[in-house]
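Only one structure is covered here, and it is reproduced in the block below.
Any read-out appearing in this document is the output of simple, stated calculations on the displayed coordinates, not a laboratory observation. Everything numeric in this text was worked out from a predicted model, so none of it was measured. Positions of Cβ are generated from backbone atoms using ideal geometry, with glycine treated the same way; all protein chains shown enter the neighbour counts.
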Amino acid sequence: MGTISQDHAKLDSDTIADAIRPLVEADPSIKVKSIIAEVQSKFNYTISYRKAWLAKQKSVAKVFGGWEVSYQTLPVWLKAMTAKMPRSRVQIKTLIVYRESEEVDGTHLYGKYKGALLVAVAQDGNQNIVPIAFAIVEGETADAWEFFLSNLRRYVVTIDGVGIISDRHNSIDAAIARSNGAWSPPRAWHMYCIRHIGSNFLRRFKTPYLHKIVVNTRYSRTEQEYNKNYQRLRERGEAYAQWCDEIGVQRWVLAFDGGHRWGHMTTNLVECINSVLKGARNLPVTAIVRSTFYRLNELFTRKSSEAHERVRNGFTYSEFATKRVEESFRRAGNIVVNRFDRRNEMFEVREMQDGSIHTVNLAQRHCDCGHFQVERLPCRHVLACCANQRLDWQIYVHDVYKMSEICKVYRGEFVPMGDPSTWAPYEGAKVIANWTLRRATKGRPKSTRYLNEMDSRDMRRPRRCTICGREGHSQSRCPQRAESSSARNQS
């Protein structure tokens, strides 16, 4: 059996780039360690991480075009897209400089140039994430967020009374403060992602044993529930409660959000990134835009087909709403209802199982349990009241859950771009890459994602070995691994 030798000087990054081209075409997000393994298998040599990374960058450039050229072709591609889809909105912000050089605020997430991808998403009545705006910028600066949010407000989110959920990034807060009220009450309500609140709390106090109390506090659906959880946190230390007070309950507690969250507590962009942007974030800028365009087309076409199929099958409401209501109906049987007015608006209900009492106000669409006003779906208490007085429960289901409304979300259709030779000539300004944002060429490339407190393992759960399945140790210290290694050495 042959052995794998160390790196070879003649096995340069250009040779490797040609060898791995099929892999890059199939998956632009291929990991560097997979490239190293492929070279080991094909050439019987172990190359360095740096050489594998350089080979990947060169292969990406050969498949999708060079990074510098990509900046010049970006306005050409965007002009063609807006010509075919006039309702599309595109903004490129540049700075005019000497020597025929221009700086574009949008660059790469990771690749040859540094940058960040800003994304705004909404959700339809079936809990599906719907990307509504993108921006490639130089970084998460206040200016970048202001550029993104101002255009989002101007062209996409044009109605008032909306809620916006983000992390507690200082740049986002600064951009919203500059918006002249566009993202402030009563036009909009800015709230924080509770997952980031938990991360910030752990970073500030290093107290993972308090994490559950913080979680329960932020998920409180009623003021009484919040007071109970808040008092538990305060008993552990006044500093913990004071830190939470500085945020403002309207920003992070479900009971005080005015219903603007619709029950959504986190930004939860993972599904959006994986379904629409996976594999594109290390590509040249035009390739990112082109890839996102076609993936959005696939997403909207698929979701539109699914929605219309559900309508043809006779469903009035989304799958999410239907399951929610069915579950509430199953739990509404053991509830005693007392009516308190002749208009069938005010009720008091009692759970037979635990004896808990709740007040229901159908006119104000309010129930003490909190679920009715949070999701805009009738809870089990509301359904019990409707059944008791033979009322139509469907009038208490918000329109966003109707399939007719969900179909409207995906009614916009994308248009094929066609061959570039058929596009109208571009006569605008020339855009080039900002050389100051180019990544360092020395040293090992940094990881594209860093773990933080949100990725931390639950400290209350013991470590479990993936080899033997037992608790108390990891696979690196597993006795079975040591035994198998000893047996191989003896053989």
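Label-to-label distance for Gln475 and Val415 is 5.2 nm, based on points extended 7 Å past Cα in the beta-carbon direction.
Here the Karplus curve 6.51 cos²θ - 1.76 cosθ + 1.60, taken at θ = phi - 60°, turns the phi angles of the range 408-414 into couplings of 5, 4, 10, 6, x, 10, 7 Hz, with x standing for Gly and Pro.
For the range 190-200, the Karplus equation 6.51 cos²θ - 1.76 cosθ + 1.60, evaluated at θ = phi - 60°, returns couplings of 8, 10, 9, 5, 6, 5, 6, 4, x, 5, 5 Hz by residue, with Gly and Pro reported as x. The ranking of Met85, Met265, Met352 by Cβ neighbour count inside 10 Å, starting from the fewest, reads Met352, Met85, Met265. A straight Cα-to-Cα reach below 19 Å connects Lys51 with the lysines Lys10, Lys31, Lys33, Lys42, Lys62, Lys112, Lys442, Lys446, residues fewer than 8 places away in its own chain not being considered. Taking amide H positions as modeled 1.01 Å from N, with prolines and chain starts lacking one, the residues under 5 Å from Ile165 and 5 or more places away or on another chain are Met191. Model label points for Lys84 and Ser41, set 7 angstrom from Cα along the Cα-to-Cβ axis, are 3.6 nm apart. Counted by neighbouring Cβ atoms within 10 Å, the residues Arg218, Arg178 run from fewest to most as Arg178, Arg218.
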